[in-house]
Each structure stands twice: as C-alpha cells, then as structure tokens.
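Nothing in this text is a laboratory measurement; each read-out follows from the coordinates by a stated rule. Predicted model, so just to flag it, every value in this text is computed and none were measured. Cβ atoms come from the backbone with ideal geometry, glycine included; neighbour counts cover every protein chain shown.
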Amino acid sequence: WLQSQNVVVSQEWLEACLDWLHQENQGTHLPLAQLNRMVYEQWLQADLQVVAPGCLPQGIAEEQKTVLNGKFALQINSMIDVSVPAYTQLQKLRGRENANDAVTAETQATQKPWEQKPTRMLMMQLTDGQQNLQGMEYQPIRDLAVDMAPGTKILVSGSVQCRLGVLLLDGGNVKVLGGEVEEL
C-alpha cells in the first residue's frame, strides 16, 4: 500500500512501526485501511534520512542537465525565500522589522495599481533519505509557505527539469503531503 502512495521505507522501519502501533493499541486487531493510514501518518512524522532507502536516481545531484520522470516522495529539510534580502529575513526572525526599511522612491501613492508585485522564489534543501539536492520554486506553488515546518514531505511528479542538482519546481509538479520532523 505504501508503494502505491509513492512512499519508500526500509523493511526494518516498517516492521518497527507496525510493532509499535500494535503495542499502542494493546494488540487490538486493526482493519487494514486504518493500519495503512496510521503507518502513513507515522511516515509523515519520520525523518527520511533515518527511515528511507532513497528513491531518486543515483547521482542526480551531480548531473549537469537531466529530466526526472516519475513520482518521488521527498522531505524538505529547510527552505528560504531567495527573493527577499538575507538582512530583511534576519530582522524578521529577530522580530526587529523596521517600517523605514520599506521606504523607497516609489511610495504607495505613486505606485501604479497595474505594476507587478514582487514574487517569491523559494529555495529548498530536499532529501529522499539518501541523497540531498535542492529544489527551486521558479513558478509559484500555492501550497508551499516559507514558514513550513522542516521535515514537511512533498510529492514531486511528472517530468521535472534538473540543472546542476537543482530541481525546477512549480505548482504542476509538486504536491504537499504534510508532516514535520521535530529534530530538524
């Protein structure tokens, strides 16, 4: 069932997870659908670097130019909006945002309503559990937010361009599955 959800885990982890679930439910027989759902929920909270044998083609991060075809469940280890200056992001994290930082020659009164607003570009550190690579949001992905918890799982599917170890991601090839990893 997990494979039908594009989830790849080690046999060791699966057996340990099933044992733990049976202990938590005092040996009660659980319907298969419920057991599948519970294992999936545990996977969402697990660190793929510990539980997954990897699903990406070997050496993809070193490829100059390639296309990734298929469906791959990956974990976001970290994410940053590279369209925002690092200093601004640091000040925001520290809670020291300064309204004067936003003052420019283009004030709200002179800015035209038709002018395009700045768009974000997220850069993510991704893993399949064995290999690390980057993902770049080059077109908006509605379900992604810069403040998502580390360890969030995504499903990358379709034909995805990969340049110098960076997956070029957009809303058509990414689905957010959820989860988080507290240790990250």
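For segment 3-51, what log10 I(q)/I(0) values come out of the Debye formula at q = 0.15 1/Å, with one point per alpha carbon and no solvent?
Values returned for q = 0.15 Å⁻¹ are -0.38.
Have a look at Val50, Val166, Val174 and tell me which one the Gaussian network model of the chain (Cα, springs below 10 Å) gives the largest fluctuation.
So, out of Val50, Val166, Val174, the one fluctuating most is Val50.
Explain nothing, just the number: relative contact order of the chain, from Cα pairs under 8 Å at least 6 residues apart, as a whole percent.
Working: 300 pairs, mean separation 54.1, N = 184.
Dividing the mean separation by the residue count of the chain yields 29 percent.
How big is the dipole moment of the chain about its Cα centre under a simple scheme where the beta carbon of each Lys and Arg is +1, that of each Asp and Glu is -1, and everything else is neutral? Debye, nearest 20, please. It would help to have the intermediate numbers written out before the result.
Values: 13 positive and 21 negative charges, 136 e Å.
Here the chain has a charge dipole of around 660 debye.
What residue among Leu44, Leu56, Leu164 shows peak mean-square fluctuation when the chain is described by a Gaussian network model with Cα springs under 10 Å?
Top of the fluctuation ranking is Leu164.
Take the alpha-carbon centre of segment 1-71, take the same for segment 139-177, and report the distance between them in whole Å.
Rounded to whole Å, the Cα centres lie 19 Å apart.
When Asp128, Asp170 are ordered from fewest to most other Cβ atoms inside 10 Å of their Cβ, what list results?
Asp170, Asp128
Limiting things to C-alpha atoms, what are the Rg and the maximum Cα-Cα separation (Dmax) for the chain, in angstroms?
20.1, 69
Show me the ranking of peptides 6-15, 21-30, 68-77 by mean Cβ neighbours inside 10 Å, starting with the highest. Write out the running numbers ahead of the final one.
Numbers: 6-15: 15.3, 21-30: 10.7, 68-77: 20.0.
Most protected by this proxy first, the peptides run 68-77, 6-15, 21-30.
Determine, for Thr66, Thr152, Thr127, the number of other Cβ atoms within 10 Å of each Cβ, and report the residues in order from fewest to most.
On the way: Thr66 16, Thr152 23, Thr127 19.
Listing Thr66, Thr152, Thr127 from fewest to most nearby Cβ atoms yields Thr66, Thr127, Thr152.
Pop a pseudo-label 7 angstrom from the Cα along the beta-carbon direction at both Gln34 and Leu2 and give the gap in nm to one decimal.
Taking the two extended label points, one gets 2.1 nm.
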